[in-house]
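The structure appears right after this line, and notes come after that.
We did not get these values from a lab; they are worked out from the coordinates using the rules stated. As the structure is a prediction and not an experimental result, all values here were calculated from the model. Methodologically, a virtual Cβ is constructed for each residue, glycine included, from the backbone with ideal geometry; neighbour enumeration extends over all protein chains shown.
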């Protein structure tokens with residue numbers, strides 16, 4: 001079965017955008033999308049939310 005990822009537009013501005021830019025410019029993440037996914041994973045782990053495998 002093909003992965004049906006959904007694109008959800010999110011607007012980042014001000015300090016949040018600067019944080020994302022800094023994470024990518026420092027080389028810690030290769031893209032803003034990767035940094036956002038990593039942050040979501042950490043939140044899910046912290047709140048003990050399991051990711052459903054497709």
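Summary table below
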| quantity | calculated |
| --- | --- |
| Matching residues, the stretch 42-54, being over 19 Å from residue 3 (Cα atoms) and loosely packed, with under 12 Cβ neighbours inside 10 Å | 42, 43, 45, 46, 47, 48, 49 |
| Count of the stretch 1-41 residues which are free of Cβ contacts under 8 Å to residues at least 24 places away in the same chain, surrounded by 10 or more Cβ atoms within 10 Å (Cβ to Cβ) and part of a helix (DSSP H, G or I) | 18 |
